[in-house]
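J.: Below is the structure I would like to discuss, written out as structure tokens.
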Amino acid sequence: MKRSIAYVDSVYLGGEGDDLGKDACQSLDAQLSGFVGDRHASFEREAWSGGDKQAEGTRRRNERQWCAVSAEELAEISLAMDLKEPLTAGSLGANLCFSGAPNLSHLPKGSILRFPSGAELMVEEYNPPCLPMGEKLAAIHETNSGKKLLDGAFSLAGKCRRGVVGVIEVPGMINAGDAVEVIPYRSPTWL
């Protein structure tokens, strides 16, 4: 992958509660602990069963302070699921939606997203689609064909297209409409 420029289509914040979605806003205040006002902002989190290396409930570093998706990948997922209304970044619980980043989900760990304010987000990992999100989407979306959307449809359609999660590397403001420099991780030349 090469360095490239993408654009922030939209930004989202989500407060406390069981709803997995997030609400659109105009800007995000990125601090080292995460986005101010977002439910995922924290230096630490509890480990989940099945997805983490630690036992469920173990306090660990929060490598999931933010989530980003690309408009191109969302369109692919919506098409694969045969949705009447396309998915939005907010309905998937993402904080950021980029355009011009069709392979966002393939960015390697350590990649940097740099914004005009100087804010930098570092990619920690790919964000795999999960069954609870698939169940939520199946309950609120209709297909073009009129067939019932299966709970596992999102897991299949979102595979390798669900976006990435990471940490705030440098604080700053992020606004809808910002250009973002996408800097894929490369091993140092001395290696």
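The values are calculated or read from the model by the stated rules, or taken from the named source; none is laboratory data. Quick caveat, the model's predicted, so the values are computed rather than measured. We place every Cβ from the backbone using ideal geometry, glycine too, and count neighbours over all the protein chains shown.
To keep it simple, each residue is scored yes or no on (1) small (Gly, Ala, Ser); (2) farther than 24 Å from residue 132 by Cα; (3) within 13 Å of the chain's Cα centre (by Cα).
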residue	(1), (2), (3)
12	no, no, yes
42	yes, no, no
46	no, no, no
57	yes, no, no
67	no, no, yes
100	yes, yes, no
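J.: One residue is enough: does region 141-163 have a residue meeting the conditions in a loop (DSSP other than H, G, I, E, B) and in contact with a Phe, Trp or Tyr (Cβ under 6 Å, 6 or more places away or on another chain)?
T.: Scanning region 141-163, I find no residue that is in a loop (DSSP other than H, G, I, E, B) and in contact with a Phe, Trp or Tyr (Cβ under 6 Å, 6 or more places away or on another chain), so the answer is no.
J.: Restricting attention to region 70-110, report how many residues are at pLDDT 95 or above and either on the phi > 0 side of the Ramachandran plot or in a strand (DSSP E or B) (or both).
T.: So the count comes out to 9.
J.: Conditions first: (1) closer than 17 Å to residue 127 by Cβ; (2) part of a strand (DSSP E or B); (3) not hydroxyl-bearing (Ser, Thr, Tyr). Residue 180 passes all but one, so which condition is the exception?
T.: Condition not satisfied by residue 180: (1).
J.: What are the pairs, 6+ residues apart or on separate chains, where a residue within region 53-66 that is touching a residue at least 12 places away in the same chain (Cβ under 8 Å) has its Cβ under 9 Å from a residue that is loosely packed, with under 11 Cβ neighbours inside 10 Å and not aromatic (Phe, Trp, Tyr)?
T.: The qualifying pairs are 59/44; 60/44; 60/53; 61/44; 62/44.
J.: Filter region 4-22 down to the residues that are loosely packed, with under 12 Cβ neighbours inside 10 Å and in contact (Cβ under 8 Å) with a residue 12 or more places away in the chain and list them by number.
T.: Of everything in region 4-22, those that are loosely packed, with under 12 Cβ neighbours inside 10 Å and in contact (Cβ under 8 Å) with a residue 12 or more places away in the chain turn out to be 5, 15, 16, 17.
J.: Turning to a different aspect of this structure: So residue 29 ticks every box in (1) acidic (Asp, Glu); (2) crowded, with 21+ Cβ neighbours inside 10 Å; (3) farther than 19 Å from residue 124 by Cβ but one. Which box is left unticked?
T.: Of everything listed in (1) acidic (Asp, Glu); (2) crowded, with 21+ Cβ neighbours inside 10 Å; (3) farther than 19 Å from residue 124 by Cβ, residue 29 misses just condition (2).
J.: Right, next: Every residue in region 149-191 that is of a type in the set (Val, Ile, Thr) and surrounded by 14 or more Cβ atoms within 10 Å (Cβ to Cβ), please.
T.: Matches in region 149-191: 164, 165, 167, 168, 170, 174, 180, 182, 183.
J.: Quick check on residue 27: is it in contact with a strand residue (DSSP E or B) (Cβ under 6 Å, 6 or more places away or on another chain), touching a residue at least 60 places away in the same chain (Cβ under 8 Å) and among the polar types (S, T, N, Q)?
T.: For residue 27, the condition - in contact with a strand residue (DSSP E or B) (Cβ under 6 Å, 6 or more places away or on another chain), touching a residue at least 60 places away in the same chain (Cβ under 8 Å) and among the polar types (S, T, N, Q) - is met.
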